[in-house]
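Q: For reference, the structure I am asking about is given below.
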Amino acid sequence: MEKITINYYLYFLGFLFFAFGASLMLKKGLLATRLLGFQFLQLGIQLYCSYYIQVPIIFEHPNYFRIISPLFYLIGPLSYLFQHFLLYPERKFKRVYFLHFLPFAFHFLEFVPLYLSPESIKLAEISEVVKESTFNTHYSNFGLISMSTHIYLKGLSYIAYMIWTAYELFAYYQSVSKSFLLKNRLIVFWLTGDLVLKIIVLGCHIAFNIIYHDHIQTVARDFLYAGEFAIMALFLFLNPRLLDGPYLKGLVFQHSHREIQEKVDAPMYFDAEKSRINVKNKSILEKLDRYFESEFIFLKPNISLNLVAQSLKIKPRLIRISLQEELDFSFTDYVNSWRIQYAEEQCRDNPRWKSYKIEVIATESGFGTRQSFNAAVKKLKGVSPGQYFAKYLN
């Protein structure tokens with residue numbers, strides 16, 4: 001009775017997570033927000049169903065049998081994709097990403113015959129599970145792969161995605177400057193802390209399975225997962241700006257954005273048509289900034305306005321107008337500004353760059369030649385590259 005009472009709390013916690021997930025799914029913004037909402041929806045359903053699969057309640061509600069098993073294949077992919085699209089918000093969800101959900105789809109489809117079976121057949125399956133004292137049975141009349149095999153596949157999937165998530169996170173940290181990480185220290189703390197929590201949950205789950213042989217009781221596992229997501233939700237509730245993604249690096253266009261907003265907000269400057277144009281320009285520049293920020297597209301010497309416009313699905317003419325009206329920049333000036341800032345950050349924060357010659361700095365920053373590098377620095381900074389970078393180089 002005590003175990004059932006404990007699971008009753010998880011039952012209501014499932015409703016809370018489901019509602020929170022639904023609110024994130026409906027929230028406008030980054031794709032990462034909806035992926036996080038999907039995670040909370042998945043956990044809410046899992047906790048809700050966990051109440052009904054406990055013995056002896058499962059005998060009264062046999063239709064919940066094996067419902068949550070496929071959901072475990074979603075934990076790793078959703079966690080990875082959420083982080084991926086939060087760090088790289090301008091990337092589009094391609095069809096290839098659906099491959100992440102194939103294990104879930106396969107596991108769900110192999111149990112469709114069970115889900116559609118009469119309750120009497122489900123009760124017979126449940127009785128066998130109770131006899132073996134584990135949901136991870138070796139033999140069953142349903143499923144192409146035994147549940148004992150699935151438990152290992154789920155564990156390997158979770159570990160693989162955790163390693164993948166950790167690798168991408170720390171590769172991202174290595175690719176940006178220290179000043180950028182300092183500016184985004186809150187999101188760094190959030191993502192790193194959540195990764196640590198996932199490792200702790202995994203370790204506790206493995207220890208729990210080793211120590212206890214009765215795997216039917218899944219209360220501890222559910223509380224571990226619920227605790228991890230509760231901490232994530234609380235941190236997000238206190239810092240809702242996290243779902244906007246990392247702050248931009250802050251070139252001259254951030255100052256321009258503030259000027260745009262001031263013009264829109266100030267009554268003395270109010271003009272409906274001009275305000276509409278400014279907001280549109282600001283939106284285009286923010287998408288452009290975010291794309292350059294996350295993809296480092298400026299490091300490609302052959303970058304062109306048409307290629308960028310095609311990737312962002314914005315007409316080249318509109319990008320050109322926004323840059324000219326708000327920044328007084330040509331597209332080439334805009335690209336070169338990113339390259340110069342990148343070179344400046346690397347020379348300041350990366351010890352290896354401090355020994356580079358100007359020619360190497362030029363090529364590593366995306367400039368095709370030293371001549372184009374010299375011309376860009378002279379035009380945008382007013383001095384030669386040697387003078388501008390002298391304070392950073394050995």
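Q: If you count only protein heavy atoms with a 1.4 Å probe, what accessible area per residue comes out for the range 304-373, rounded to a whole Å²?
A: Working: 3430 Å² over 70 residues.
For the range 304-373, the solvent-accessible area averages 49 Å² per residue.
Q: Once you order the gyration tensor axes a ≥ b ≥ c over the Cα atoms, which shape class does the range 1-144 get: rounded for a/c under 1.5, otherwise prolate or oblate by comparing a/b with b/c?
A: oblate
Q: Of VAL55, MET147, PRO118, whose Cα points farthest to the positive end of the dipole of the range 45-167 (charges on the beta-carbon: +1 Lys, Arg; -1 Asp, Glu; origin at the Cα centre)?
A: Going by the charge dipole, the pick is MET147.
Q: Which angle from 0 to 90°, rounded to the nearest 10, does the C-alpha axis of helix 31-52 make with the longest principal axis of the chain?
A: Between helix and principal axis, roughly 10 degrees.
Q: Something else about it: Net charge near LEU81: determine it from the other residues with C-beta under 12 Å of the C-beta of LEU81, scoring Lys and Arg +1 and Asp and Glu -1.
A: Result for the neighbourhood of LEU81: +2.
Q: Relative to the longest principal Cα axis of the chain, at what angle does helix 72-87 sit, 0 to 90 degrees, rounded to 10?
A: Relative to the chain, helix 72-87 is tipped by roughly 10 degrees.
Q: Is there a quick way to get the dipole size of the chain? I mean about its Cα centre, with the Cβ of Lys and Arg at +1 and of Asp and Glu at -1; what is the value in debye to the nearest 20?
A: Rounded to the nearest 20 debye, it is 1620 debye.
Q: For PHE72, what charge total do you get from the other residues with a beta carbon under 12 Å from its beta carbon, if Lys and Arg give +1 and Asp and Glu give -1?
A: +2
Q: Give me the percent of the accessible area of the range 53-208 that comes from carbon and sulfur atoms, probe 1.4 Å, all protein chains in place.
A: It is 70 percent, rounded to a whole number.
Q: Quick one: length gained pulling GLN371 to SER120 fully straight, 0.36 nm per residue minus the C-alpha distance?
A: Additional length available on full extension: 82.3 nm.
Q: Counting only heavy atoms of the protein chains, get the accessible area per residue of the range 49-118 (1.4 Å probe) and round it to a whole Å² value.
A: Numbers: 2960 Å² over 70 residues.
Averaged over the residues of the range 49-118, the accessible area is 42 Å².
Q: While we're looking at this one, here's another question. Please report the net charge: other residues with Cβ closer than 15 Å to the Cβ of SER117, K and R +1, D and E -1. Don't jump to the answer; show the numbers that get you there.
A: Values: positive: ARG66, LYS122; negative: GLU110, GLU119, GLU125, GLU128.
Once all neighbours under 15 Å are counted, the net charge is -2.
Q: Protein chains only, probe 1.4 Å: how do LYS280, LYS122 rank by accessible area, largest first?
A: LYS280, LYS122
Q: Can you pull the percent of the range 277-394's accessible area that's carbon plus sulfur, 1.4 Å probe, other chains left in place? Walk me through the numbers before you get to the answer.
A: Numbers: 3020 of 5850 Å².
The C+S portion of the solvent-accessible surface of the range 277-394 is 52 percent.
Q: Rank THR137, THR363 by accessible area, highest first, at a 1.4 Å probe radius?
A: Details: THR137 5, THR363 80 Å².
Sorted by accessible area, descending: THR363, THR137.
Q: Also, quick follow-up: Can you give the Rg to Rh ratio of the range 102-157, both from alpha-carbon atoms, with Rh computed by the Kirkwood formula?
A: 0.97
Q: Okay, next question. Restricting to DSSP H runs of at least four residues, report the calculated mean residue ellipticity at 222 nm for the chain, -39500 (n - 2.57) per run over all residues, nearest 500 deg cm²/dmol.
A: Taking each H run of at least 4 residues, the total per residue is -23000 deg cm²/dmol.
Q: On the full set of protein chains, 1.4 Å probe, figure out the accessible area of ILE145 and give it in Å² to the nearest 10.
A: Ignoring ligands and nucleic acids, ILE145 comes out at about 50 Å².
Q: Oh, and also: At 1.4 Å probe radius, can you tell me the per residue accessible area of the range 169-208 in Å²?
A: 50
Q: Give the angle, between 0 and 90 degrees and rounded to the nearest 10, that separates the Cα long axis of helix 316-327 from the longest principal axis of the Cα atoms of the chain.
A: Helix 316-327 sits roughly 60 degrees off the main axis of the chain.
Q: Give me the extension gain from LEU318 to LYS381: residue separation times 0.36 nm, minus the current Cα-Cα distance, reported in nm with one decimal.
A: Between LEU318 and LYS381, full extension yields an extra 20.0 nm.
Q: Using the Cα atoms of the range 48-109 to build a convex hull, what is its mean projected area in square nanometres? Mind showing how you got there, number by number?
A: Numbers: hull surface 20.9 nm².
Quarter of the Cα hull surface area: 5.2 nm².
Q: Oh, and also: Quick one: if the Förster radius is 45 Å, what FRET efficiency do VAL130 and TYR97 give, using the C-beta to C-beta distance and rounding to 0.05?
A: Values: r = 39 Å, r/R0 = 0.87.
Computed FRET efficiency for VAL130 and TYR97: 0.70.
Q: Compute the Cα gyration tensor for the range 62-212, then decide on rounded, prolate or oblate, letting a ≥ b ≥ c be the square roots of its eigenvalues: rounded whenever a/c is under 1.5, prolate when a/b is larger than b/c in the other cases, and oblate in all that remain.
A: Details: a/c = 3.42, a/b = 2.07, b/c = 1.65.
Prolate.
The values are calculated or read from the model by the stated rules, or taken from the named source; none is laboratory data. Please read these numbers as outputs of a predicted model, since none were measured by experiment. So basically every Cβ, Gly included, is an ideal-geometry build from the backbone, and we count neighbours across all protein chains shown. Side chains are part of the model used for accessible areas, which takes the heavy atoms of the whole protein and leaves out ligands, DNA and RNA. Shrake-Rupley method; radii C 1.70, N 1.55, O 1.52, S 1.80 Å.
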